[in-house]
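Some notes on the structure that comes next.
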Amino acid sequence: MTTTTITNPARTDLADEHTRADRTSDSSTHDGDARPSRHWALAGVGAGLAGIGAIASSGIVDAVYDPDIQGDAGAIADKLATQTEAAFVFHTFALVSAVLLVVFAAGLLRRLRHRLGGDSLLPTAAFAGLAGTAVVQVIGTSLDTEFLFGLPHQDVLVDSNVVMYGHFIGTVPWCWVLAGLAGLALHLAGRAGAVPRWVGRVGLVLGGLTLLAGISPLQYVAGMVGPVWLLVTALGFALGDKAYRTA
C-alpha cells in the first residue's frame, strides 16, 4: 500500500512572501558586494600626499647639513632652534600619513584577497610592507616632542644631542624601503590579473626603485620615490579599478 502526502499550507501567500524576501536579501547582498567601498583607496591618496609633505618639510630642517656650521654643535643647535615650525609641520604630515597608510594597507589586503584567494602570499606581503612603513614613520617622529619643546630652552638640552636629533629627523623618516615590497607585490598581482596591469607596472618601476634604493646605501632615495608610488597607486584604485567594482 502506497501513501502519498501532500503539503498544502493554508496561507500560500506567506510562503511566497518569504521566497520574495529571500530573493531580495540575496540581491541586496550581491549588489553590496558589487559596489565595494573605495574609502580605503582615498585614505591611500591622503597618505601619499602627507608622505610627500613629510619628506619635503623634513628636508627644510637642514641645520646639521649646513656646510658653514658643520662640526659646530652649538651653531647647529642655534640654527635648529629657528627651524621648529618646519619640524612641527613634518611631525604632523608624517603621523597623518602613517595613520592613513594603515587604513590603505588593510583595504589593499582585502582587495587582493578577493582576487588572489587566501593561499597567496602577495596580500600579506603588501600589507606588511605598508604597515611596516607606517611604523617607521611613527618612529621617525618619536623624538619630536622632546626636542621641539626643548629647543627654545637650550639650557635643558646638550648640543651634541640636538645634533643627533637633526640627523634623526633627516634620515629615519626617509626609510620607505618596505613600501617597495608592497609595490613589487602589486606587480606580481598585476601579472596574475588581480589588479590593473598599469598598477602592476607602476609597482615594478617605482616600487622596485624604492626597494633597491632602500636596500642600497642610497636608502634615502626611497623616501623620495616611495610616497610618489603610493600616491599614484592609491589614485589608481580610487579613480580607476572600475572592472573590479562593477564585477
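The values are calculated or read from the model by the stated rules, or taken from the named source; none is laboratory data. Given the structure is predicted, the values throughout are model-derived calculations rather than measurements. Glycine gets a Cβ as well: all are built from the backbone with ideal geometry, and neighbour counts include every protein chain shown. Each accessible area value is taken on the protein alone, full model and side chains, heavy atoms only, with ligands, DNA and RNA left out. Shrake-Rupley method; radii C 1.70, N 1.55, O 1.52, S 1.80 Å.
Counting the residues of region 101-153 that are more than 30 Å from residue 195 (Cα to Cα) and part of a helix (DSSP H, G or I) gives 10. I'd like the full set of residues that are assigned to a helix (DSSP H, G or I) and surrounded by fewer than 22 Cβ atoms within 10 Å (Cβ to Cβ), limited to region 154-180. Selection gives 154, 155, 156, 159, 160, 161, 163, 164, 167, 168, 172. A count restricted to region 90-132 and to residues that are within 20 Å of residue 38 (Cα to Cα), among the aromatic types (Phe, Trp, Tyr) and open to solvent by less than 30 Å² (accessible area, probe 1.4 Å) stands at 1. So which residues in region 76-89 are open to solvent by 50 Å² or more (accessible area, probe 1.4 Å), assigned to a helix (DSSP H, G or I) and among the hydroxyl-bearing types (Ser, Thr, Tyr), if there are any at all? Once the filter is applied, which keeps residues that are open to solvent by 50 Å² or more (accessible area, probe 1.4 Å), assigned to a helix (DSSP H, G or I) and among the hydroxyl-bearing types (Ser, Thr, Tyr), region 76-89 yields nothing. Taking the residues in region 192-212 that are at pLDDT below 95 and over 17 Å from residue 41 (Cβ atoms) as candidates, determine which candidate is surrounded by the most Cβ atoms within 10 Å (Cβ to Cβ). Ranking the qualifying residues of region 192-212, first place goes to 192.
Matching residues to (1) more than 13 Å from the chain's Cα centre (by Cα); (2) within 29 Å of residue 181 (Cα to Cα); (3) aliphatic (A, V, I, L, M):
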| residue | (1), (2), (3) |
| --- | --- |
| 49 | no, yes, yes |
| 94 | no, yes, yes |
| 99 | no, yes, yes |
| 118 | yes, yes, no |
| 124 | yes, yes, no |
| 132 | no, yes, no |
| 135 | no, yes, yes |
| 145 | yes, no, no |
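Of all the criteria given as (1) in contact with a helix residue (DSSP H, G or I) (Cβ under 7 Å, 6 or more places away or on another chain); (2) modelled with pLDDT under 95, the one not satisfied by residue 72 is (1).
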